[in-house]
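What follows is one structure encoded as structure tokens, with my remarks underneath.
Please treat every number below as a calculation from the coordinates, not as lab data. Since this is a predicted model, take the numbers as computed values, not measurements. For neighbour counting, all protein chains shown are included, and Cβ atoms are generated from backbone atoms with ideal geometry for every residue, glycine included.
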Amino acid sequence: MMVNLNKEEVEKKIEELRDEIREHEYKYFVLDEPKISDAEFDELMRELLDLEEQFPELITEDSPTQRVGGEVLDEFEKVEHSTDLLSLDNTFNNNELRDFDSRIQKKIPGENYEYVVEHKIDGLSAVVRYEDGVFKLGATRGNGEIGENITENMRTIRTLPLKIRDKSPLELRGEIYLSKSEFERINKQRLENEESPFANPRNAAAGSVRQLDTKIASERKLSILIYDLISHGEKNFKTHLEVFSYLKDLNFKVNWHKKADNIEEVIKICDNWEEKREELDFEIDGLVVKINDLDQRERLGSTARSPRWAAAYKFPAQKKTSKIKDIEISVGRTGALTPTAVLEPVELAGSVVSRATLHNEDEIKRKDIRIGDTVLVQKAGDVIPEVIKVIEDERDGTEEEFEMPQHCPVCGSRVIRPEGEAVTRCTNIRCPAQRRERILHFVSRDAMNIDGIGPALIDQLLENKLIEDYADLYFLKKDHLVDLERMGEKSSQNVIGAVEKSKEREFFRVIYALGIRHVGIGAARTLVKYYNSIEEIMEAEAEELVEIDEIGPVIADSITGFFDEIHNRDLISRLRQAGVRLKKERKENVEFLKDTKFVFTGSLNDFTRSEVKDIVEKAGGRAVSSVSSKTDYLVVGDNPGSKYDKAMELGIEILDEEGFKNLIKTKGDK
Ligand code: AMP
Ligand code: ZN
């Protein structure tokens, strides 16, 4: 059908189609005012896809067809932010807002100033960068200094334009989130697939953004609201409101905002939204108050953590009544029995709450909580929901008092509650509940970070007797996995790969992963400072351990107790056999590139990207993806990209492959 169009005509046609689609995307997703039907929109897309299929050389990264995802990434690259992304100071009531205001008055005495109040969207912060009018980079906040490159996933966000008419370099900050309705849709689907639902929209959004499979990210309809300009290549704006209206003109979806002339007006706006928040189709956990004038912002400056010109106002914890249907006992990794109230579901602070922790036996007694009671439940932001008190007036006499069981609900072994402790524990070290939780802990992110092994797989592995403890993970074969439910060839391979990779985890993470009671990530780091290997730790006596400042008698006893246990010693020897790192890396090599930042461009002959990245990171350095004034070295391979010019411009030291080899050799030898 297109045969008689020449290439130029096709090119023109493609551009027209793209512009038309962009316009409709904007009307539909940003303005929420579609001008054509879904079918008509799909038809335009199909036409464009057809043409691009016939002329693949005409596909560009800003084409609307590039939003659908499909690429599967190995990992997210690190991105160094151009400026640190700060957090916000919190205020929790009107007086704290007034204090914030007085601090500003003191800093800019005698000046007039205005505020802008915005929604504090409960999502995750992201940076977007445009060059030449094209969306080039999306990154998470990370630790504020270094984030992750999530460009491919952000490309799927329909409210984010892939192309804008402003050609200057532009960097913005906003919040990625999921609407309440999309969150519900995803959870419903997860339940149908027998996957565990997300606790709240923010977790769901975070999980979606960190999907390596861009197709999955694209199916979750993420949105982004823009709320700050980080930099613009040439324009100097005077106020935040000016920025907002400019960005709106560029077709960005900008955050709701309202000007306030003084702090009392701010307070009124905050009060008002506390009730109205329910009407929004996305979660807000408060409001953000910002100084409008950008020059005043500059002069107010910031502390290491947060700007002085802005503050978050957090809504108070929400409380609602519900009824306790039952009290269940769960058994944790250390055998602790935790009572949990099963509630009639209520919506609280953006999540549907159907369980609340009761902590322990004493708490239940103190609050006199009975099964069947109507209770007041509280939840604030991230925290686990809690039962605050019983509404005694609601009792009708049918309520039942709760007794802590004498036996573990999972394995039936006797439980004990040591004198002076609040916690009741299962005494069986082989208790399946503990076993499951210990394995979950072992694979968790801060521990061995074994991707792809979650609760569902662990349950299957235990049920099928493929593993009994975490050391067994290292002896799994692909053949063991492929026949399990929802596994298949590819995911089995991925799991095996992730297990393999975890053998290289740092020693302190391995110690943390072991699941020794009271040994958190901090204590694990401390131990590694004083001991070089697992053998040294195993030999240490409690008296010796308490000599270390950060290690008290409780931790010390727990450590020696752990290694006295024969099963645990056996675990260690199997981990050793598997090749898991059980000692510190050679000190002299460890940190010779400490805090040195590298950027690589072009292809190297003797290394792949991930190899050089490994070398640099093992030596304490960092490999980042873009050149900035903080970069120490640019390593240039064949066919370098624009990073080369940028590095020249900034006067950054440039190395070729040989130079890089020399650097790691000479420095490493010292
Ligand atoms: P917190 O995490 O409580 O320190 O609050 C800071 C976070 O609030 C930032 O990192 C942003 O992700 C988020 N945030 C949400 N909405 C806004 C907004 N309108 N302005 C600035 N930050 C916001
Ligand atoms: Zn048990």
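Restricting the count to DSSP beta bridges whose residues both fall in the chain, what percent are antiparallel, rounded to a multiple of 5?
Details: 76 of 91 bridges.
Here the share of antiparallel DSSP bridges comes out near 85 percent.
Taking the Cα-to-Cβ direction at residue 58 and at residue 31 and moving 7 Å from each Cα, how far apart do the two end points lie in nm?
Label-label distance for residue 58 and residue 31, simple model: 2.7 nm.
Determine the relative contact order of the range 375-426: mean sequence separation of Cα pairs under 8 Å and six or more apart, normalised by residue count, in whole percent. Don't jump to the answer; show the numbers that get you there.
Values: 45 pairs, mean separation 10.4, N = 52.
Once normalised by length, the contact order is 20 percent.
Considering the zone a paramagnetic label at residue 630 would reach in this model (a point 7 Å from Cα along the Cα-to-Cβ line), which residues of the range 129-146 have amide N under 20 Å from it?
Once the point is set 7 Å along Cα→Cβ of residue 630, 129-130, 137-146 turn out to lie under 20 Å by backbone N, inside the range 129-146.
First select every other residue whose beta carbon is under 14 angstrom from the beta carbon of residue 81; then total the charges, Lys and Arg +1, Asp and Glu -1.
On the way: positive: 78, 129, 141, 173, 597, 622, 630; negative: 77, 80, 84, 145, 148, 171, 228.
My count for the surroundings of residue 81 gives 0.
Return one quarter of the surface area of the convex hull spanned by the alpha-carbon atoms of the range 319-416, equal to its mean projected area, in nm².
Values: hull surface 26.6 nm².
Quarter of the Cα hull surface area: 6.6 nm².
Work out, step by step, the length gained on full extension between residue 103 and residue 543: first 0.36 nm times the residue separation, then minus their alpha carbon distance; give nm to one decimal. Display every interim value, and only then the final one.
Working: separation 440, 0.36 × 440 = 158.40 nm, distance 5.02 nm.
This chain segment gains 153.4 nm when fully extended.
Expressed as a whole percent, how much of the Cα-Cα distance distribution for the chain exceeds 40 Å?
Values: 97635 of 224115 pairs.
Cα-Cα pairs in the chain separated by more than 40 Å: 44 percent.
Please sort 83-91, 334-342 by packing, taking for each peptide the average over its residues of neighbouring beta carbons within 10 angstrom, highest first.
Numbers: 83-91: 16.3, 334-342: 19.7.
Taking the mean over residues of other Cβ atoms within 10 Å, the ranking is 334-342, 83-91.
For the chain, what does the helix formula give at 222 nm: sum of -39500 (n - 2.57) over DSSP H segments with n ≥ 4, over the residue count, nearest 500 deg cm²/dmol? Intermediate values should be presented prior to the final figure.
Numbers: 25 runs with 248 residues, N = 670.
Only helices count here, giving -11000 deg cm²/dmol.
I need the shape label for the range 1-86. Rule: rounded when a/c is under 1.5, else prolate if a/b > b/c, else oblate, with a, b, c from the alpha carbon gyration tensor.
On the way: a/c = 2.31, a/b = 1.44, b/c = 1.61.
Cα axes put the range 1-86 in the oblate bin.
May I ask which of 136/215; 276/319; 7/27 have a Cα-Cα span longer than 21 Å here? Numbers along the way, then the final one.
Details: 136/215 19 Å; 276/319 16 Å; 7/27 30 Å.
Violating the 21 Å Cα-Cα cut-off are 7/27.
Sort 188-199, 278-289 for me by packing, meaning the mean count of neighbouring Cβ atoms within 10 Å per residue, highest on top.
Details: 188-199: 12.5, 278-289: 18.8.
Averaged packing, sorted descending, gives the order 278-289, 188-199.
For the range 189-236 and the range 409-439, what is the centre-to-centre distance using only Cα atoms, to the nearest Å?
Distance between centres, Cα-based: 38 Å.
Note down the nm distance, to one decimal, between modelled labels 7 Å out along Cα→Cβ at residue 465 and at residue 250.
Distance between label points: 6.3 nm.
Can you give the FRET efficiency for residue 131 and residue 342, using 1/(1 + (r/R0)^6), R0 = 41 Å, r = Cβ-Cβ distance, to the nearest 0.05?
On the way: r = 53 Å, r/R0 = 1.30.
After rounding to 0.05, the efficiency reads 0.15.
Compute the distance from the alpha-carbon center of the range 565-630 to that of the range 642-659, in whole Å.
Here the two parts' Cα centres lie 24 Å apart.
When only C-alpha pairs under 8 Å and at least 6 residues apart count, what is the relative contact order of the chain, in percent?
Numbers: 1121 pairs, mean separation 62.8, N = 670.
That works out to 9 percent.
Quick check: from the Cα gyration tensor, does the range 218-286 come out rounded (a/c under 1.5), prolate or oblate? Could you put the intermediate results ahead of the total?
Working: a/c = 2.98, a/b = 1.15, b/c = 2.60.
Oblate shape, in that a/c is at least 1.5 and b/c is the bigger or equal ratio.
Multiply the residue separation of residue 192 and residue 414 by 0.36 nm, subtract the distance between their alpha-carbon atoms, and state the gained length in nm to one decimal. List each step's numbers first, then the result.
Values: separation 222, 0.36 × 222 = 79.92 nm, distance 3.72 nm.
Extra length from residue 192 to residue 414 when fully extended: 76.2 nm.
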